[in-house]
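The values are calculated or read from the model by the stated rules, or taken from the named source; none is laboratory data. Bear in mind that the values here come from a model prediction, so they are computed numbers and not experimental data. Cβ: placed from backbone, ideal geometry, glycine included. Neighbour counts: every protein chain shown.
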Amino acid sequence: MRRPRRSSSKLSAQFGSAHFGSAHFGSAQFGSSLLGSGLLGSGLLGLALAASACAAPGNSDAASGTTASEQPWEQIVADAQGQTVDLWMYGGDDRANAYVDDVLAPAAKELGVTLRRVPVADTKDALQRVLAERAAGTTDGEVDLVWVNGDNFATGREADAWLCGWADTLPNREYVAEDDPLVASDFGVAVDGCESPWHKAQFTFAYDATRVDDPPTSLTGLLDWAREHPGRFTYPAPPDFTGSVFVRQALYAVSGGAAEVPSRFDQSTFDDLAPPLWDALTQVAPDLWREGTTYPRDSVALDRLFADGEVDFTMTYGPATLTELVADGTFPSTTKVLPLDEGTVGNASFLAIPASSGDSAGARVVANLALSPQQQAAKADPDTWGQFTVLDLDLLDAADRDLFAQLPQSPVVPPYEVLSRNAGPELSSDWVAPLDEGWRRQVLGQR
Amino acid sequence: MTPRSLGGATPAVLAVLLVACTGMAAVVATALGLFPLYGDPTPGLDGWRALGPDLAGALRETLTIAVSSTLIAAIAGLFVAQVILSEARSSRIVGALAAAVLAVPHLVGAASVSLLLANGGMAARVGGVDPGGWPRLVAGPWPIATVLELAWKESAFVALVVVAALGPGHRRRLETASVLGAGPWQRWSRVLLPTSLPATGAASLIVFVYIVGSYEVAALLGRTTPEPLPVLAFRLFGSIELTARPAAAAAATTGALLALVAAVAVLATIPSLRTAVAPRAVGRPGSRAGSRDSLQKTQSASRSSRP
């Protein structure tokens, strides 16, 4: 089942072209990504485009080739024997790398599959490789599995770059609650078995308890706190991922709650809801760090300000990192998570198999392994990676449930049930660009 | 350049033209709306229009960074070159240091400057200054940290180019000047400065053009707004809104035009620097013996001195 086309979205209009010209689209995207690296890169852009014009096969029927074949699981496991699965994932998190290399890969080896981790600086890089392979009609691509969610998934979905209809048939899928909204849709895009859930994340604020005597309890309260304490609060500048989430969280707060903001984007709703948001953020700007004339570039820059004592709050979509940052002394031991009465936005991230993968059987075996209670529990250990499980513990048998009960408690991060109280859904990825661009024009441009 | 040497350079020239021209053509076409990722081409200046108020700010920021970094790098580079050429005991160490600085990638340099000069950085800690009391060098209202990093690294480049251009003939010229009774100030102002000006000008042009197109230092050490042209172009290029691409290409084209204008202006000036220098130079600069301008000047000077 295909998601209805979003007629109001520029993005979908562009990716719409992928249905009849995905080949050309893919390599244009890949080639022109080099433009950013300067004139030399843009020279390659020209060459890549020229090459794609010659090499692009007429694959107007490509869209039909992305549904996984229905095979018995035993057959898939047998096919997977000896395959090498390349998992492309963001490489900047040491504990994520250690988990995959030291825990997941050895377990995959026991099942006869070699798991190779390919670190990328940005998941977009993996997607562009997939789109280029799709354009070239590759059937034995370099990318077998991608850690993905949000707009990268949506982009690949529009270009029909993912293998679909396999994720729901994994044996370990029985431990995932069927009605879990975070797993059924990914930033407003129906998952449709095109990716298998891996873990959940919750947008989280943290503060230093020795510096904040009166922690606020809501986002508007946090903005008020910032006005009363000039220079002690800031957030990363969108389009940075974390800064962008903060603006969406602020949109919920200013609009009167997540229920007031429809997940699907439309221009008139945006025109109604955005001005109060810009007002609120513009009003608080003069009391932010550096009087709101500049903002931290990304969440790492904000974390550094927090660690140096320049600001009293930080925020992250990966609260698991807080445990480590406190343990190694980067953050003060008095760092606490700030619960908001209205809850924060949450999401899930997934493992997706590109349609061009040559080792898709092995990739399915790895995705199933990653969903097993043993692996999910090992990954949830704050000392290993600390990522929240996507499994519903009520569906597990007693022994497996015990694995989770025995996990050490993080001294900083409360359990997922506490953190995700009143959690709001993520907005559809169509909201992201207008909000980011509007913030730059209306909030940053006013300073 | 003789026709023969031009013929030998043909493959290299062709390769450069192929890469640079196809690339530039693609960027300019994208900026002019002739090269959309989907749909029909819509020729026009929409890319520049979409940049709107960001364009003036980006141009100003780019020029501020490039002009001040180039000036500081040229002056500091000239000074360092003088130390290296002085043949004092420290000159070899300074020369080795300059070569080492040249080998440091700008990215590493920028990260180090950020660790050193940021408000919670090492300099503030060693000095015992509260982060709030430290001057806003990184991401401040002026691109001070950006300029310092670029000037630091590029001054080493200018120095090594000047040293190479002056070469072994430099010592002979200084000795001649001394014999003729020139003091230290005269040796500097009448020998070193004029003979090194063409090389300094050429090196500064390369530095300026490089900085106009450089991304990483300003991205790491600059503030959120205004951004220099490359940072603006790269942000727009990475936007999930693919329609931002003409705007990104327009920013890149503007930067390329700026570099082109500077290059033409400076390249037009350098020969006059040479001709201004040649008659006054005490000895014939060895490394520029092939330069037609200076050769002709020297020859005509020697001819006219003949009875």
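Okay, residues lined up against (1) surrounded by 21 or more Cβ atoms within 10 Å (Cβ to Cβ); (2) farther than 30 Å from residue B:255 by Cβ; (3) touching a Leu at 6+ places or on another chain (Cβ under 9 Å):
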site: B:88; (1), (2), (3): no, yes, no
site: B:99; (1), (2), (3): no, no, yes
site: B:106; (1), (2), (3): no, no, yes
site: B:116; (1), (2), (3): no, no, no
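Just checking, which of A:326, A:247, A:311 is over 24 Å from the mean Cα position of the chain (by Cα) and buried (at least 20 other Cβ atoms within 10 Å of the Cβ)?
Of the residues listed, the single one that is over 24 Å from the mean Cα position of the chain (by Cα) and buried (at least 20 other Cβ atoms within 10 Å of the Cβ) is A:311.
Considering only segment B:104-153, state which residues are charged (D, E, K, R) and more than 10 Å from every other protein chain (Cβ to nearest Cβ).
If the condition is that a residue be charged (D, E, K, R) and more than 10 Å from every other protein chain (Cβ to nearest Cβ), then B:149, B:153 are the ones that fit.
Taking segment A:329-363, which residues are farther than 30 Å from residue A:144 by Cα and either surrounded by 24 or more Cβ atoms within 10 Å (Cβ to Cβ) or polar (S, T, N, Q) (or both)?
A:330, A:333, A:334, A:335, A:344
Test of understanding: among A:106, A:119, A:181, A:197, which residue is modelled with pLDDT of 90 or more and closer than 22 Å to residue A:344 by Cβ?
A:197
Looking at A:362, A:358, A:343, can you tell me which residue is closer than 24 Å to residue A:218 by Cα and either in contact (Cβ under 8 Å) with a residue 60 or more places away in the chain or not aromatic (Phe, Trp, Tyr) (or both)?
Testing whether each residue is closer than 24 Å to residue A:218 by Cα and either in contact (Cβ under 8 Å) with a residue 60 or more places away in the chain or not aromatic (Phe, Trp, Tyr) (or both) leaves just A:343.
Is it the case that residue A:282 is in contact with a helix residue (DSSP H, G or I) (Cβ under 6 Å, 6 or more places away or on another chain) and closer than 16 Å to residue A:414 by Cβ?
Details: in contact with a helix residue (DSSP H, G or I) (Cβ under 6 Å, 6 or more places away or on another chain): yes; closer than 16 Å to residue A:414 by Cβ: no.
So residue A:282 fails the test.
Quick test of your reading of the structure: residue A:277 fulfils all but one of (1) in contact with a strand residue (DSSP E or B) (Cβ under 9 Å, 6 or more places away or on another chain); (2) more than 29 Å from residue A:94 (Cα to Cα); (3) buried (at least 19 other Cβ atoms within 10 Å of the Cβ). Name the failing condition by number.
The number of the failed condition is (1).
Against the definition (without any contact (Cβ under 8 Å) to a residue 12 or more places away in the chain, away from chain A (no Cβ under 13 Å) and farther than 26 Å from residue B:142 by Cβ), how does residue B:196 come out, yes or no?
no
Of everything in segment A:179-212 that's touching a Gly at 6+ places or on another chain (Cβ under 9 Å) and aromatic (Phe, Trp, Tyr), which residue is farthest from residue A:388 (Cα to Cα)?
So the residue we want is A:187.
Can you work out which of the residues in segment A:352-385 that are more than 21 Å from the chain's Cα centre (by Cα) and in a helix (DSSP H, G or I) is farthest from residue A:69 (Cα to Cα)?
My answer is A:374.
Going through segment B:30-56 one residue at a time, which ones are facing chain A (nearest Cβ under 10 Å), free of Cβ contacts under 8 Å to residues at least 24 places away in the same chain and assigned to a helix (DSSP H, G or I)?
B:53
Name the residues in segment A:247-305 that are farther than 18 Å from residue B:222 by Cα, free of Cβ contacts under 8 Å to residues at least 24 places away in the same chain and aliphatic (A, V, I, L, M), would you?
Residues satisfying the conditions are A:259, A:273.
Inside segment A:133-153, can you point out the residues that are small (Gly, Ala, Ser) and either in contact with a strand residue (DSSP E or B) (Cβ under 8 Å, 6 or more places away or on another chain) or surrounded by fewer than 24 Cβ atoms within 10 Å (Cβ to Cβ) (or both)?
A:136, A:137, A:141, A:150
Could you tell me whether any residue of segment A:329-346 is modelled with pLDDT of 95 or more, more than 29 Å from residue A:406 (Cβ to Cβ) and part of a strand (DSSP E or B)?
Checked segment A:329-346: no residue is modelled with pLDDT of 95 or more, more than 29 Å from residue A:406 (Cβ to Cβ) and part of a strand (DSSP E or B).
What about residue B:20, is it more than 9 Å from every other protein chain (Cβ to nearest Cβ) and of a type in the set (A, V, I, L, M, F, W, C)?
The answer is no for residue B:20.
Which ones in segment A:139-162 are acidic (Asp, Glu) and under 11 Å from the mean Cα position of the chain (by Cα)?
The answer is A:151, and nothing else.
Looking at (1) out of contact with any Lys or Arg (no Cβ under 9 Å at 6 or more places or on another chain); (2) more than 14 Å from every other protein chain (Cβ to nearest Cβ), which one does residue B:101 not meet, given that it meets all the others?
(1)
Being assigned to a loop (DSSP other than H, G, I, E, B) and of a type in the set (Gly, Ala, Ser) is the filter; apply it to segment A:155-176 and report the residue that is farthest from residue A:123 (Cα to Cα).
Here the residue is A:165.
Output yes when any residue across segment A:301-317 is part of a loop (DSSP other than H, G, I, E, B) and more than 12 Å from chain B (Cβ to nearest Cβ), and no when none is.
Yes, segment A:301-317 contains at least one residue that is part of a loop (DSSP other than H, G, I, E, B) and more than 12 Å from chain B (Cβ to nearest Cβ).
Can you pull out every residue in segment A:161-190 that is surrounded by 22 or more Cβ atoms within 10 Å (Cβ to Cβ) and within 25 Å of residue A:136 (Cα to Cα)?
A:161, A:162, A:163, A:166
Just the residues that are within 8 Å of chain A (Cβ to nearest Cβ) and either crowded, with 24+ Cβ neighbours inside 10 Å or hydroxyl-bearing (Ser, Thr, Tyr) (or both), please, taken from segment B:208-229.
Matches in segment B:208-229: B:215, B:224, B:225.
Those residues that are over 18 Å from residue A:150 (Cα atoms) and β-branched (Val, Ile, Thr), I need them from segment A:314-328; list them, please.
A:314, A:321, A:323, A:326
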